[in-house]
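K.L.:
Below are the structure tokens for one structure; questions will follow.
The values are calculated or read from the model by the stated rules, or taken from the named source; none is laboratory data. Values in this document were obtained by computation on a predicted structure and should not be read as measured data. As a convention, Cβ positions derive from the backbone with ideal geometry for all residues, glycine included, and neighbour counts pool all protein chains shown. We work out accessible area using only protein heavy atoms, side chains counted, and drop any ligands, DNA or RNA first. Shrake-Rupley method; radii C 1.70, N 1.55, O 1.52, S 1.80 Å.
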Amino acid sequence: MQIDVTEAAVDLLRELKARYGEDLLFHQSGGCCDGSAPMCFRADEFLIGDSDVKVGVIDNVPFYMKGDQYKTWQHTDLIIDAVSGNGGMFSLDNGTGRRFLTRSEICAI
């Protein structure tokens, strides 16, 4: 698995860092409340569990997902983007008019 990021996503992330501080993290939502959006949190406001897997880093911000989701997606490259719209209700991008979005491509083995 590889994680790439668009310039739009880095711009939004840097805006969030300026507002909330540098100590942030991403957690790829598994699809419950907010679909399958990458959610951005303050690191001290989200508990990483024993089953969470760190799959990459975006602009010095770690990116995690649940272990069972990783098993499903491990042969997929992820592209983290930012698009117009409302962020997940618990994600820091909510209220900015933009939201993070995960796009995916099957890895060539």
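K.L.:
Of the numbered conditions (1) out of contact with any strand residue (DSSP E or B) (no Cβ under 7 Å at 6 or more places or on another chain); (2) at pLDDT 90 or above; (3) assigned to a loop (DSSP other than H, G, I, E, B), A18 satisfies every one except a single condition; which is it?
P.N.:
A18 satisfies all of (1) out of contact with any strand residue (DSSP E or B) (no Cβ under 7 Å at 6 or more places or on another chain); (2) at pLDDT 90 or above; (3) assigned to a loop (DSSP other than H, G, I, E, B) except (3).
K.L.:
At pLDDT 95 or above, surrounded by fewer than 17 Cβ atoms within 10 Å (Cβ to Cβ) and of a type in the set (D, E): which single residue out of D23, D68, D4, D50 fits that description?
P.N.:
Values: D68 fails: at pLDDT 95 or above; D4 fails: at pLDDT 95 or above; D50 fails: at pLDDT 95 or above.
Unique residue meeting the criteria: D23.
K.L.:
Return yes or no: is T96 without any contact (Cβ under 8 Å) to a residue 24 or more places away in the chain and either surrounded by 19 or more Cβ atoms within 10 Å (Cβ to Cβ) or not basic (K, R) (or both)?
P.N.:
No: the conditions fail for T96.
K.L.:
Now for a separate question. State which residue is farthest from the chain's Cα centre (by Cα) when the search covers only segment 99-109 and only residues that are of a type outside the set (S, T, N, Q) and either surrounded by fewer than 19 Cβ atoms within 10 Å (Cβ to Cβ) or more than 24 Å from E15 (Cα to Cα) (or both).
P.N.:
Within segment 99-109, the match that is farthest from the chain's Cα centre (by Cα) is I109.
K.L.:
Among strands (runs of 3 or more DSSP E) lying entirely in segment 50-109, which contain 2 or more residues that are among the small types (G, A, S)?
P.N.:
76-84
K.L.:
Kindly indicate the residue of segment 71-93 that is free of Cβ contacts under 8 Å to residues at least 60 places away in the same chain and of a type in the set (S, T, Y) and also surrounded by the fewest Cβ atoms within 10 Å (Cβ to Cβ) among those meeting that condition.
P.N.:
Taking segment 71-93 first, the residues free of Cβ contacts under 8 Å to residues at least 60 places away in the same chain are 71-72, 84-91.
Retained after the next criterion (residues that are of a type in the set (S, T, Y)): 72, 84, 91.
Values: T72: 11, S84: 9, S91: 22.
Filtering first and then ranking leaves S84.
K.L.:
In this structure, is M39 open to solvent by less than 60 Å² (accessible area, probe 1.4 Å), in a strand (DSSP E or B) and in contact (Cβ under 8 Å) with a residue 60 or more places away in the chain?
P.N.:
yes
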